[in-house]
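The values are calculated or read from the model by the stated rules, or taken from the named source; none is laboratory data. In this text the structure is predicted, and so the values were computed from the model without any measurement. Methodologically, a virtual Cβ is constructed for each residue, glycine included, from the backbone with ideal geometry; neighbour enumeration extends over all protein chains shown. Surface accessibility is based on the protein's heavy atoms, side chains included, excluding ligands, DNA and RNA. Shrake-Rupley method; radii C 1.70, N 1.55, O 1.52, S 1.80 Å.
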Amino acid sequence: MAGIAESVAGAFDHAWERFLGRLDGLTDEEYLWEPVKGCWSVRHTDVGRWKIDGDGGDASAGPPPDPAPVTTIAWRIGHIGLTFIGFGDRLFADGTITINDVEFAPSAAAAIAFLNSTYHGYWRDKIATLGPEQWWRPIGPAFGHYADLTTTDLALHVLDELTHHAAEVSLLRDLYRHRDSLGYAAAS
């Protein structure tokens with residue numbers, strides 16, 4: 001019988017492979033496509049970096065506008081990467097990485113590299129090292145009011161973030177492919 005580490009890692013691997021399969025053939029135009037005006041995305045700044053709008057959904061940055069903006073594939077991918085970085089850094093390192101330390105991807109190819117790097121470097125390879133007892137320990141003060149939750153709780157939250165944002169990216173890809181029949185103008 002598989003232990004918790006194998007079960008959780010297996011669930012992550014399954015969701016991850018499905019997501020990567022849905023990214024096959026992603027173009028730069030599609031990656032940055034804004035289906036409606038006012039989308040959140042990643043944007044080139046005047047200092048030569050790419051920044052994610054709305055601080056990538058970081059709750060500590062304050063609540064998003066109401067209603068929350070529609071987001072691009074680029075924003076969703078940036079948010080998924082930030083999920084791996086933010087939670088992984090706090091759980092496995094010193095928790096000092098900030099949004100200003102993150103290099104967001106300017107293109108589809110760079111986005112896939114960004115995802116692979118953040119998934120493996122900050123999250124997946126690290127959870128594979130956890131012993132059985134570590135899955136049931138509280139995650140601690142680096143997680144604020146979630147400090148009493150366990151590593152298992154956190155892993156399930158990260159899996160939910162990956163799964164639902166990957167599904168949203170997949171839907172945006174479907175809409176992009178059918179944008180002409182839906183009455184969308186050319187990508188912005």
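Points worth noting:
- Options Ile85, Ile97, Ile52: the member that is in contact (Cβ under 8 Å) with a residue 40 or more places away in the chain and within 17 Å of the chain's Cα centre (by Cα): Ile52
- Any hit, segment 70-85, residues being of a type outside the set (Lys, Arg) and on the phi > 0 side of the Ramachandran plot: no
- For segment 139-148, the candidate set comprises residues that are within 23 Å of the chain's Cα centre (by Cα) and open to solvent by 70 Å² or more (accessible area, probe 1.4 Å); within that set, the residue that is nearest to Arg76 (Cα to Cα) is Tyr146.
- Filtered by the rule that a residue be of a type in the set (Val, Ile, Thr) and at pLDDT below 95, segment 97-126 gives Thr98, Ile99.
- Residue-level check: of (1) out of contact with any helix residue (DSSP H, G or I) (no Cβ under 7 Å at 6 or more places or on another chain); (2) within 28 Å of Pro35 (Cα to Cα); (3) assigned to a loop (DSSP other than H, G, I, E, B), Asp148 misses just (2).
- Filtered residues of segment 157-174 (kept if hydrophobic (A, V, I, L, M, F, W, C) and loosely packed, with under 14 Cβ neighbours inside 10 Å): Leu171
- The combined condition, being without any contact (Cβ under 8 Å) to a residue 40 or more places away in the chain, touching a Pro at 6+ places or on another chain (Cβ under 6 Å), small (Gly, Ala, Ser) and more than 16 Å from Glu161 (Cβ to Cβ), is not fulfilled by Ala113.
- The set of residues in segment 55-69 being of a type outside the set (D, E, K, R) and either touching a residue at least 40 places away in the same chain (Cβ under 8 Å) or touching a helix residue (DSSP H, G or I) at 6+ places or on another chain (Cβ under 9 Å) (or both) consists of Gly56, Gly57, Ser60, Ala61, Gly62, Pro64, Pro65, Ala68, Pro69.
- Filtered residues of segment 106-136 (kept if over 29 Å from Tyr31 (Cβ atoms) and either surrounded by fewer than 16 Cβ atoms within 10 Å (Cβ to Cβ) or under 13 Å from the mean Cα position of the chain (by Cα) (or both)): Ala128, Thr129, Gly131, Pro132, Glu133, Gln134, Trp136
- Per the listing Leu115, Leu172, the residue uniquely closer than 20 Å to Trp50 by Cβ, in a helix (DSSP H, G or I) and touching a strand residue (DSSP E or B) at 6+ places or on another chain (Cβ under 9 Å) is Leu172.
- For beta carbons closer than 6 Å, sequence separation of 6+ or different chains, a first residue in segment 124-145 that is at positive phi and a second that is part of a loop (DSSP other than H, G, I, E, B), the qualifying pairs are Gly140/Ala147.
- A search for C-beta distances below 6 Å between a residue of segment 150-169 that is of a type in the set (D, E, K, R) and any residue that is open to solvent by less than 30 Å² (accessible area, probe 1.4 Å) and assigned to a helix (DSSP H, G or I), counting only pairs 6+ apart in sequence or on different chains, returns Glu161/Thr83.
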